[in-house]
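The values are calculated or read from the model by the stated rules, or taken from the named source; none is laboratory data. What you are looking at is a predicted structure, and each value in this text was computed from that prediction instead of being measured. Ideal geometry is used to build each Cβ from the backbone, glycine not excepted, and the neighbour counts take in all protein chains shown. To get the accessible areas, we keep the full protein, side chains included, count just its heavy atoms, and leave off ligands, DNA and RNA. Shrake-Rupley method; radii C 1.70, N 1.55, O 1.52, S 1.80 Å.
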Amino acid sequence: MAGKNKRKLEDLSVDEFMLSGFDSDEEDDCEDEEPTPKKGKSKMPVLPEMSVKKHGKASEHKDQLSALKTKDPEFYKFLEQNDQELLNFDDTDSDEEEEDEEEQMYHKLPSQLEDDDDDDEEEEKVESEKKDVKKQKSSKEGTKVTEAMIENWKTALKKEPTPTLIRDITQAFKAAVATTKGDSDELCRYVISDSAVFNSLVLFCIRDMHAALHKMLKLKTPDKDSKKLVLPSSSPRWQKNQIDIKMYLAGVVQLLSSLTQATVIAAVLRHANQMVPYYLCLPKQCRHFLKSLIKHWSTGEETVRVLAFLALNKICRHKPDVHLSAVLKQMYIAYVQNCKFTSPNTLPMINFMQRTLAEMYSLDTQVSYQHTFLYIRQLAIHLRNAMNLKKKETYQSVYNWQYVHCLYLWCRVLSTIYPSEVLEPLIYPLCQVIIGCIKLVPISRYYPLRLHCVRAIILLSGNTKTFVPALPFLLEILQQEDFNKKPGRMSVKPINFAVILKLSKFNLQEKAYKDGLVEQLYDLILECFHTQACSIGFPELALPTIIQLKAFLKECKVANYCKQMRQLLEKIQENCSHITGRRQKAAFGVANVTAVAAWEKLVAEEGTPLTKYYSQWKKLREKEIQLEISGKERMEDLNLPEIKRKKAEEKKADKKEFKGLFESDSDDDDDDNLFQSKEGKDDSDEDDEGLEDLTDLSDEENEDDSDGEQKQPSSSKGKAPKKMLSTELKQVAEGDEDMVEDLELSDQD
């Protein structure tokens, strides 16, 4: 058939070939290709007809073109000149082979695909079963720790600690720590299955491990006076036992992170404090340890905080170049995160963090300057944005507890490190930031924040011997606030200015607001003058305040407020007269700075009236603050019952029943004492001097202070008290019916 086809092609002309030659070949090929497969492809599986038909086309077309050269040479020359690609094409059938391979790749038998998936699933099952078997084997192979084993370790450790024994103990400790975090995948040589065994093992390690390691490494005991630590890396046995010690130290850090009870954490921290030299020799374990210490320093209980700080300080003192900068940064971030909210319970913790962080900054002034400059600049940028934009969001970025506590922190840092030539230039920009914070929103609702800022200025000014004008911000409150205006609401509880930054509208209407404000002004003005009490220029410094206080006493008609400010004015004037008298005896001029400093030092050693009064007042004031912070019961914590008074008949029956217990006084005397106790109820906490001052007040002040209550009979020495009839006494004793009203409480209350 193939030969016939070729002869037919040779007999055709060019026109007939172009018109019908390919069609006839395809028909003949369809008949001939099935029984005559090619020799080279005999080993391949039988493919469909279309693929075989495509396979022979290229070679046959090549033969046809070669026959065309003899049949029609003119047309062949034309093709050579115009279409060389048609004559010189590749007859290897590569395209067809690639297509066949692609078909073989994508068109596999379904049975083969199903078999492959089944094999993969079976392999995965086998691998998972092998893993389970390994886990079971590892769990079965682990030796269970018992109390007897721990006792044997104790006795052996006391005799002679060997590397093998230390390795066994550290492996058991690792298994105990692994139970706290629940890592079952971790392979351990020992297994801890009992809580009693866990407790005894951890207690054994905490008590004896440090001494055993010290003895095994043969470290020298440092002298009591020497501050240098003996590092374990100096021992020749350090390299052999380094892996076990590293494992043990990592376990201690992990144990600290998993414990919750404060007493247990404190015990582990005491042991970790002993192991600080070992941590200093291992940088990676030391970094993890520092991270855990900072967390406990900022969030733990009181004892835990102190122990964590001692370990932090110890590490940074002995390797400040390596750890100090990173530790200061992390401690400052932890401080800012944990002072977001302030309450009487959290305030002592915040103060502790301030003092300890200031102690850490004092270790290296060069490093501290970089941190202090950066963070004060950050506070100044926040303040600048708030002053320029004047939006609520920018105000809130400044008027919050974190900002105020940061200001107070840097005041304490500069006060603690003073005198320091490195940090002294930062005093002025810090004062500017604080004053700008006061002036940002100078309204009465933010008076508590102003008082906090003034307190920070007083701290900085007093300890750095730098004059900062804080008194004008306090005297401005006396001018702006109307203390004669009667309060619109009666408050159940006093306002604690130490834990608030902003007052609500209801707070501004309460009587407790003005009472607390006058008390705060009294405290701060007294503290501010105490810092300058021994200054040679005290009379000139106190003159504006004396004028303001006298003006306040003329305008104010409330007795309690006038009493406090009058007492403050007297102390200031007394100190002024003392300094003036001492200054008149001086034989040097103002320009002699050294003589002025010596004179002020001598006055400070001898003391002034204001400093003596301040020392007594400070003790009493600290007791009051401690009572407030300790969370003593207040009136708002009590369920206020309904007021019920006894009738006059019941009172008489009580008097008859208990008549023998009291002295024989007349009814008139008893009633007079009753009235006197009512009068002195509000002033019971005042001292004797305060009672004498109150008797000298005018009648107008008494009227305004009573807020509409009836005037009490005057008890002057010249006039005897007028006796009352028994019927009048009964009427007074019975009194009017009590009115019980619902208390109006604000949202904050």
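Can you find a residue in the range 559-568 that is more than 44 Å from the chain's Cα centre (by Cα) and open to solvent by 30 Å² or more (accessible area, probe 1.4 Å)? I'd like the intermediate steps shown before the answer.
If we filter the range 559-568 for residues that are more than 44 Å from the chain's Cα centre (by Cα), which is where we start, we get 559.
Those left that are additionally open to solvent by 30 Å² or more (accessible area, probe 1.4 Å): none.
Scanning the range 559-568, I find no residue that is more than 44 Å from the chain's Cα centre (by Cα) and open to solvent by 30 Å² or more (accessible area, probe 1.4 Å), so the answer is no.
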Across the range 147-162, the tally of residues that are more than 19 Å from Asn199 (Cβ to Cβ) and open to solvent by less than 60 Å² (accessible area, probe 1.4 Å) stands at 3
What number goes with the only condition from (1) more than 24 Å from Thr346 (Cα to Cα); (2) open to solvent by 60 Å² or more (accessible area, probe 1.4 Å) that Leu475 does not pass?
(2)
Restricting attention to the range 523-568, the residues that are closer than 22 Å to Ile458 by Cβ and not in a helix (DSSP H, G or I) number exactly 6
List the residue pairs whose Cβ atoms are under 7 Å apart, where the first residue sits in the range 554-569 and is touching a residue at least 60 places away in the same chain (Cβ under 8 Å), the second is outside any helix (DSSP H, G or I) and open to solvent by less than 60 Å² (accessible area, probe 1.4 Å), and the two are 6 or more positions apart or on different chains.
Cys556/Phe483; Val558/Phe483; Ala559/Leu697; Tyr561/Phe483; Cys562/Cys556
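A quick yes/no check of all residues on (1) among the charged types (D, E, K, R); (2) part of a helix (DSSP H, G or I); (3) closer than 21 Å to Val327 by Cβ:
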| residue | (1), (2), (3) |
| --- | --- |
| Arg355 | yes, yes, yes |
| Ala358 | no, yes, yes |
| Phe373 | no, yes, yes |
| Ala380 | no, yes, no |
| Gln396 | no, yes, no |
Collect the residues in the range 308-325 that are aliphatic (A, V, I, L, M) and open to solvent by 20 Å² or more (accessible area, probe 1.4 Å), keeping them in residue-number order.
Leu310, Val322
So is Ala551 touching a His at 6+ places or on another chain (Cβ under 9 Å), over 30 Å from Ala591 (Cβ atoms) and either touching a residue at least 40 places away in the same chain (Cβ under 8 Å) or surrounded by fewer than 16 Cβ atoms within 10 Å (Cβ to Cβ) (or both) or not?
no
I'm trying to understand the selection: among the residues of the range 507-521, which are open to solvent by less than 50 Å² (accessible area, probe 1.4 Å) and basic (Lys, Arg)?
Lys514
Positions within the range 150-178 being free of Cβ contacts under 8 Å to residues at least 24 places away in the same chain, hydroxyl-bearing (Ser, Thr, Tyr) and more than 17 Å from Val202 (Cα to Cα), in sequence order
Thr164
Taking the residues in the range 326-378 that are open to solvent by 40 Å² or more (accessible area, probe 1.4 Å) and of a type in the set (Phe, Trp, Tyr) as candidates, determine which candidate is modelled with the lowest pLDDT.
Phe341
Take the residues of the range 335-353 that are without any contact (Cβ under 8 Å) to a residue 60 or more places away in the chain and of a type in the set (Val, Ile, Thr): which is nearest to Asp321 (Cα to Cα)?
Ile350
